[in-house]
1. Which one of these does residue 232 not meet: (1) under 30 Å from residue 342 (Cβ atoms); (2) surrounded by fewer than 20 Cβ atoms within 10 Å (Cβ to Cβ); (3) touching a residue at least 12 places away in the same chain (Cβ under 8 Å)?
2. Given the structure, is residue 177 closer than 30 Å to residue 291 by Cβ, at pLDDT 85 or above, over 19 Å from the mean Cα position of the chain (by Cα) and part of a helix (DSSP H, G or I)?
3. For the subset of the stretch 327-340 comprising residues that are touching a residue at least 24 places away in the same chain (Cβ under 8 Å) and crowded, with 16+ Cβ neighbours inside 10 Å, which member is farthest from residue 261 (Cα to Cα)?
4. Considering each of 39, 21 in turn, give the residue that is in contact (Cβ under 8 Å) with a residue 24 or more places away in the chain and surrounded by 10 or more Cβ atoms within 10 Å (Cβ to Cβ).
5. Under the condition of being farther than 24 Å from residue 358 by Cβ and not in a helix (DSSP H, G or I), which residue from the stretch 213-227 is modelled with the lowest pLDDT?
6. Given the residues 242, 230, 258, which is the only one that is modelled with pLDDT of 95 or more and under 16 Å from residue 346 (Cα atoms)?
7. Do we find a residue being surrounded by 13 or more Cβ atoms within 10 Å (Cβ to Cβ) and either free of Cβ contacts under 8 Å to residues at least 24 places away in the same chain or not assigned by TED's automatic domain parsing to the domain that holds residue 328 (or both) anywhere in the stretch 294-311?
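The values are calculated or read from the model by the stated rules, or taken from the named source; none is laboratory data. Everything numeric in this text was worked out from a predicted model, so none of it was measured. For neighbour counting, all protein chains shown are included, and Cβ atoms are generated from backbone atoms with ideal geometry for every residue, glycine included.
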């Protein structure tokens, strides 16, 4: 039988000051632990058996802390001890139960994360994924303007279709492209929250099976504006006019048209990317939209432009802007404005090339798509097309240059 300990009074407990554990009675296993100036309550309980390191079955003793004395007085310590003994008698391990309560509290706190808190986490991920700073700014701006005022403060586990519709409906008809992108961004944020197990069930911002029956189809109401493109029949006259324009920005625009490269790829081009011997411009993966290295065959006209460009001492940019820094994304557009061609965009010349190549040449579609650094939409075709068709693209780009021969015959030598 367990030893019966005399039940101490509160006054008697207050006088205990010798180091060690002192049984106080009233509840079996309850003692006051004294260590110097520190005094605390400990409950010593036997809960079945356990296997020790030697593989032997030994008594499983639990030593449970009940708080410091005198912050936790004797009567309260006895009440806590009786409660724990009742749990153990019912087969509940108090240590495991305490850990479970702690973990549940953490889970509950996480599940109360708001939409704006989850959005910030997703934006941190997107900053690493998206190479264009402007895209991150667009994410932030659309969320701050339209989503946060309605759902930013709400825990994600409380957001439903009604909330999403409250965000989207005011702009769905008038600004459908913006609204469609915003819906996709909200869906991404809630996908993140679901992956973090912050809510259960379907994503309320999903399109199919969620919002599609409740909103008009974007394709039915969007008036899509494509990049303004020059008819390919006019390319020679346009290039002749462009060749008369002084300055590196005009040369950069010419070079971008002859290489059908994107604005950012041209503005970021460096001399060490140019292989004059093989007439190739190698754009590294980190500057490509598809995150894949792109070899651009340089036509006779593109090479002439490069050969006649001035070299900036200590600079590596092919088309440096002010103070040797990279040109802004509006620089090439400004050239078009000065030419009184506000109806055109730099990117639109890629469409001009696409129309010309598809309608007037016999080059296969995949050669043209590679020239534009497009991913092949047909996955089966892409799987078999392992090379970049460089030799065929060299012929294609030379033909594209010949469309502009009347310009270069008289003007290249007088540039810069």
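1. That leaves (2) as the condition not met.
2. Criteria met by residue 177.
3. In this case the residue turns out to be 339.
4. Only one candidate passes the filter, namely 39.
5. Only one residue tops the list, namely 223.
6. 258 is the lone residue from the list that is modelled with pLDDT of 95 or more and under 16 Å from residue 346 (Cα atoms).
7. Within the stretch 294-311, not a single residue is surrounded by 13 or more Cβ atoms within 10 Å (Cβ to Cβ) and either free of Cβ contacts under 8 Å to residues at least 24 places away in the same chain or not assigned by TED's automatic domain parsing to the domain that holds residue 328 (or both).
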